[in-house]
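Notes follow once the structure below has been shown.
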Amino acid sequence: MASLLAAAGVTALAGTAAAASTLGAAAAEKGRYFGTAVAANHLGEAAYASTLDTEFNSVTPENEMKWDAVEPSRNSFSYGSADQIVSHAQSKGMKVRGHTLVWHSQLPGWVGGLGASDLRTAMNNHITQVMQHYKGKIHSWDVVNEAFQDGGSGARRSSPFQDRLGDGFIEEAFRTARTADPAAKLCYNDYNTDGVNAKSTAVYNLVKDFKARGVPIDCVGFQSHFNSASPVPGDYRANLQRFADLGVDVQITELDIEGSGTAQATSYTNVVNACLGVSRCTGITVWGVTDKYSWRASGTPLLFDGNYAKKAAYTAVLTALGGSGGGGGGGGGAACTVTYSRTNDWSDRFNGQVTVTAGSAAITGWTTTVTVTSPQKISTTWNGTPSWDSSGNVMTMRPNGNGSLAAGASTSFGFTVMKNGNSSAPAIGSCSAS
């Protein structure tokens, strides 16, 4: 059938429940991503991979992109495990966050022994080589990680980079990163910066200075590791907002909250609501899929327990994102038909939803195409398995898993289109059923 283009500006549709039955889908409908840290050595575990693929639309390699993993000896790069994660994510239509380029921890021994001149060369080479290896595949990079001290001083942390290169190393790292991959968003990432305090204010002042002087920085990451001794601060949203007001995106990058039951669920709800309340909070990443592999496993801080069962915190997050379980609506016709609606619209992007409806007989699979007009690009998809033509403008969508539909039954998939100056609706191709 010919493309069916609905008017823009529709914010709620009948039948959207199916598109918001997972964390990633629900977040995408709010214009955000919902991701998780991933360890390559768990991808072979069926329950791990299934939970990852079903629930999340962004991944961050947990350790596989850190310096000791990718450049264990000088100028000798080892990308195997990181490549495995990136390939897996790309095959599922997920975004990838790069973590991390310059950090005082998990450094191979050879870095710490370099003098200032050699260290500067090595730092810039590391950033350039790693970013160019993944050029075009990474949505956001944590360029510099944890460069400020804890406590009330707001001072820089001692590290080989700080001690030998001085305060300017952060700026130099960001400038090098912009040259290496101009399309990637460049983030500063830290912990214990979730509320307004000396450390977060020091980071705030750094970002403010960078923005004033034209130093490239696009985003600030808030790790947000919480427990009873360090709960979600009351000024969490206000702190995120003050950074956003500087003209950068904010991302919750390593979220975990120790605890269980209602208390844990409430804390997770507060974090999600804070992000949703800040228009430039572009996404949330939890630091792991399952409690059993968490770096804080004894504190059971994640959304899935050790058996991959959904916890109360999971339900709270899904609800806070506006999601729920459920299916689609009805329809009719021969084989299958498709209809399109624009479900959300922002200044730089919009969300579309395509509803696939079986005809007068049951079907076991379906496929359709979505074509955007260059320079538009589809950045995120949910509830389907996409593939693209060589131009990147034509997406073919197939079911994610079982594609069976009873006669007259419907299912939906969704996607986010980056406008890049063009807000025209995509063309939806005919529906082919099997």
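The values are calculated or read from the model by the stated rules, or taken from the named source; none is laboratory data. All of these numbers come straight from a predicted model, not from anything done at the bench. Methodologically, a virtual Cβ is constructed for each residue, glycine included, from the backbone with ideal geometry; neighbour enumeration extends over all protein chains shown. All accessible areas refer to the heavy atoms of the entire protein, side chains included, with ligands and DNA or RNA removed. Shrake-Rupley method; radii C 1.70, N 1.55, O 1.52, S 1.80 Å.
If you line up the Cα atoms of region 44-148 on their principal axes, what length do they span on each, largest first, in Å?
For region 44-148, the Cα extents along the three principal axes come out at 47, 27, 24 Å.
Among Lys95/Lys211; Lys292/Lys377; Lys199/Lys311; Lys310/Lys377, which pairs are too far apart, with a Cα-Cα distance over 30 Å? Numbers along the way, then the final one.
Values: Lys95/Lys211 26 Å; Lys292/Lys377 37 Å; Lys199/Lys311 33 Å; Lys310/Lys377 33 Å.
Result: Lys292/Lys377; Lys199/Lys311; Lys310/Lys377 exceed 30 Å.
What share of all Cα pairs of region 226-333, in percent, falls into each consecutive 10 Å distance bin?
14, 42, 28, 11, 4, 1
I need the fraction of alpha carbon pairs in region 96-173 separated by more than 22 Å, rounded to a whole percent.
24
State the three equivalent ellipsoid semi-axes of the chain, derived from the C-alpha gyration tensor as the square roots of 5 times its eigenvalues, in descending order and whole Å.
So the three semi-axes of the chain are 38, 23, 21 Å.
Taking only Cα atoms and a 10 Å spring cutoff, compute GNM fluctuations for the chain and point out the largest among Asn75, Asn145, Asn273.
In the Gaussian network model the winner is Asn75.
Using only protein heavy atoms and a 1.4 Å probe, report how much of Thr176 is accessible, in Å² to the nearest 10.
Counting only protein heavy atoms, the figure is 20 Å².
Take the eigenvalues of the Cα gyration tensor for region 177-269, scale each by 5, and report the square roots as semi-axes in whole Å, largest first. Display every interim value, and only then the final one.
Details: eigenvalues 152, 41, 19 Å².
In descending order the semi-axes read 28, 14, 10 Å.
By the scheme Lys and Arg +1, Asp and Glu -1, what is the net charge of all other residues having a beta-carbon under 10 Å from that of Ala202?
+1
From the phi angles alone, apply the Karplus equation (6.51, -1.76, 1.60; θ = phi - 60°) to region 78-88 and give each ³J(HN,Hα) in whole Hz, x where the residue is Gly or Pro.
Couplings: 9, 10, x, 5, 5, 4, 4, 5, 4, 4, 4 Hz.
Express the relative contact order of the chain as a whole percentage, based on alpha carbon pairs under 8 Å and six or more residues apart in sequence.
Values: 1005 pairs, mean separation 81.7, N = 434.
Taking the mean separation of contacting Cα pairs over the length of the chain, I get 19 percent.
Determine the share of the chain's accessible area contributed by carbon and sulfur atoms, expressed in whole percent, with a 1.4 angstrom probe.
Looking at the chain in its full context, I get 49 percent from C and S.
Could you check how many percent of all C-alpha pairs in region 327-434 are farther apart than 17 Å?
Every Cα pair in region 327-434 considered, those over 17 Å come to 49 percent.
By DSSP, what percent of the beta bridges with both residues in the chain are antiparallel, rounded to the nearest 5?
Antiparallel: roughly 55 percent of the beta bridges in the chain.
Name the most mobile residue of Trp382, Trp103, Trp346, meaning the one with the largest mean-square fluctuation, in a Gaussian network model of the chain with Cα contacts below 10 Å.
Trp346
Find out how many positive minus negative residues lie around Val271, taking Lys and Arg as positive, Asp and Glu as negative, among other residues whose Cβ is under 10 Å from that of Val271.
0
Could you state the accessible area per residue of region 38-88 in Å², with a 1.4 Å probe and every protein chain left in place?
Here the per-residue accessible area is 36 Å².
Counting only other residues whose beta carbon sits under 14 Å from that of Ser228, what net charge do I get with K and R as +1, D and E as -1?
-1
Among Ser81, Ser298, Ser391, which one shows the highest mean-square fluctuation when the chain is modelled as a Gaussian network with alpha-carbon springs under 10 Å?
Among Ser81, Ser298, Ser391, the largest mean-square fluctuation in the Gaussian network model of the chain belongs to Ser391.
Using only alpha carbon pairs under 8 Å that are at least six residues apart, calculate the relative contact order of region 374-434 and give it in whole percent.
Numbers: 64 pairs, mean separation 27.0, N = 61.
Relative CO of region 374-434 lands at 44 percent.
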